[in-house]
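The structure follows.
Nothing in this text is a laboratory measurement; each read-out follows from the coordinates by a stated rule. These numbers were taken from a predicted model, which means no experiment stands behind them. Please note: Cβ atoms are built from the backbone with ideal geometry, for glycine as well, and neighbour counts cover all protein chains shown.
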Amino acid sequence: MTFVEKNRLIGGHTEQAMLKIAWEGEIYGVGMFEAVAEKFPEHADHATAVATMEWLNVHLCEDFGHAAGVSVSLEQAEKLGREGAEMVRKHSFEHLVKAAMRETPVADKLYAELGKHARTPELKAFADDLMVHEPALRDWLKSEQDGNSDGAEKIFAYLERHGISRKEAVIPRKDREGYGGDKQQLVLAFFPSEDLADEAAMVLKNWDKATEYMRLDSVGVLAKDKNGTVKEHKLGKRAGKKGMGIGVALGVVAAIPTGGLSLLGAGVGGLVGGGLIGDFFHKGLKMTEEDTARIGGELDAGHAAVGVLAWDFEARAVTDKLRELGGTPQAHEVAELPEGPQS
């Protein structure tokens with residue numbers, strides 16, 4: 001039984017209910033098309049692009065859903081993804097095409113209803129976008145079934161309008177960590193106490209395990225100890241092919257109250273020497289004077305920060321999650337570092 005059959009996507013729902021159904025449906029779609037890419041390698045690139053499209057919509061639904069006061073639990077998200085994948089594994093490609101031809105028009109009606117009753121121009125535009133992506137999906141599936149593939153051109157066009165290139169679109173989520181992104185960001189979120197920051201950091205790690213939303217190995221906590229010395233502890237040391245590790249990033253942030261002087265003469269993840277450190281301190285995290293003043297003030301006030309190193313395609317979701325957990329997040333672009341050991 002598919003998601004549509006189980007949920008009977010018809011009119012008459014409240015805006016909150018429609019957003020929740022759309023959000024859940026896109027998660028189900030991610031599971032489906034990631035499984036299509038694995039089961040039917042002849043369709044792998046195009047199916048992965050569809051999964052990327054569905055994943056983009058998941059994050060957009062999440063934004064609008066939270067604004068409307070609704071949510072999808074991590075456990076429910078994982079369950080929906082598994083159900084979508086299992087449906088694919090039990091059936092032929094032909095069966096999937098027929099199911100999509102039968103059911104996606106019902107989703108069109110839901111999105112039309114959502115757009116009709118949207119209370120903001122932004123939500124109306126999003127609903128209109130969702131109505132574009134369903135026909136793009138149908139057209140691709142039908143073209144593959146007919147043996148005359150349209151190259152998923154409408155799907156790629158949809159993604160490109162949202163800033164996702166063709167190259168990025170066909171990289172499976174499970175491979176993105178090794179690929180990295182165009183740019184790395186440090187998402188830094190302050191919490192009232194170290195205990196709350198520790199709790200948020202662990203929630204992030206559990207979020208990673210529960211939902212497959214992210215692969216967050218580069219997480220750390222920064223706080224002052226009882227002597228007023230800034231300390232950091234990290235929960236992982238991932239650094240992508242072009243990126244640094246969380247130890248370097250938090251080491252630099254920890255040095256802000258001293259103007260970077262605490263870094264001089266000491267190795268920080270392989271960075272040694274005042275010249276290189278000074279350049280990295282001023283340019284590597286792309287922080288303004290206002291940023292460093294704010295961070296220093298937060299630490300002086302006894303607040304603690306959760307720091308997460310994320311690639312550009314991850315940063316928005318991480319920022320939203322930290323805000324949801326009660327933090328005050330801000331993302332800082334990280335310049336590409338010279339090759340060398342990172343921590």
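Quick one: what are the phi-derived ³J(HN,Hα) couplings along the range 154-163, Karplus 6.51/-1.76/1.60 with θ = phi - 60°, whole Hz, x for glycine and proline?
With the stated coefficients, the range 154-163 comes to 5, 5, 4, 5, 4, 5, 5, 5, 9, x Hz.
While we're looking at this one, here's another question. Given the Cα-Cα distance of residue 312 and residue 108 and 0.36 nm per residue of separation, how much length would full extension add, in nm?
On the way: separation 204, 0.36 × 204 = 73.44 nm, distance 3.07 nm.
Between residue 312 and residue 108, full extension yields 70.4 nm more.
If each residue of separation counts as 0.36 nm, what is the full-extension length gain between residue 128 and residue 17 once their alpha-carbon separation is subtracted? Could you put the intermediate results ahead of the total?
Working: separation 111, 0.36 × 111 = 39.96 nm, distance 1.74 nm.
Stretched out fully, the residue 128 to residue 17 stretch lengthens by 38.2 nm.
Between beta-carbons, use under 11 Å as the cut-off and find the net charge around residue 154, counting Lys and Arg +1, Asp and Glu -1. Write out the running numbers ahead of the final one.
Values: positive: 138, 161; negative: 134, 139, 150, 153, 160.
Combined, the nearby Lys, Arg, Asp and Glu give -3.
Right, another one. List, in order, the whole-Hz ³J(HN,Hα) value for each residue of the range 75-80 obtained from phi through the Karplus relation with A = 6.51, B = -1.76, C = 1.60 and θ = phi - 60°; use x for Gly and Pro.
5, 5, 4, 5, 5, 5
Quick one: what are the phi-derived ³J(HN,Hα) couplings along the range 60-72, Karplus 6.51/-1.76/1.60 with θ = phi - 60°, whole Hz, x for glycine and proline?
5, 4, 4, 4, 5, x, 4, 4, 8, x, 10, 8, 10
Still on this structure, please answer the following. Can you give the extra length, in nm with one decimal, that the chain gains between residue 82 and residue 193 once fully stretched, where that is 0.36 nm per residue apart less the Cα-Cα distance? Numbers along the way, then the final one.
Numbers: separation 111, 0.36 × 111 = 39.96 nm, distance 3.68 nm.
Taking 0.36 nm per residue and subtracting the Cα distance, the gain is 36.3 nm.
Mind giving me the FRET efficiency for residue 290 and residue 119? R0 is 22 Å, r the Cβ-Cβ distance, nearest 0.05 is fine.
Working: r = 35 Å, r/R0 = 1.57.
In this case the efficiency is close to 0.05.
Cβ neighbours within 10 Å, averaged per peptide: list 37-43, 302-308 in order, most packed at the top.
Most protected by this proxy first, the peptides run 302-308, 37-43.
Between their Cα atoms, which of 124/205; 205/231; 154/174; 79/142; 20/205 are more than 32 Å away from each other?
Details: 124/205 34 Å; 205/231 20 Å; 154/174 24 Å; 79/142 28 Å; 20/205 25 Å.
With Cα atoms farther than 32 Å apart: 124/205.
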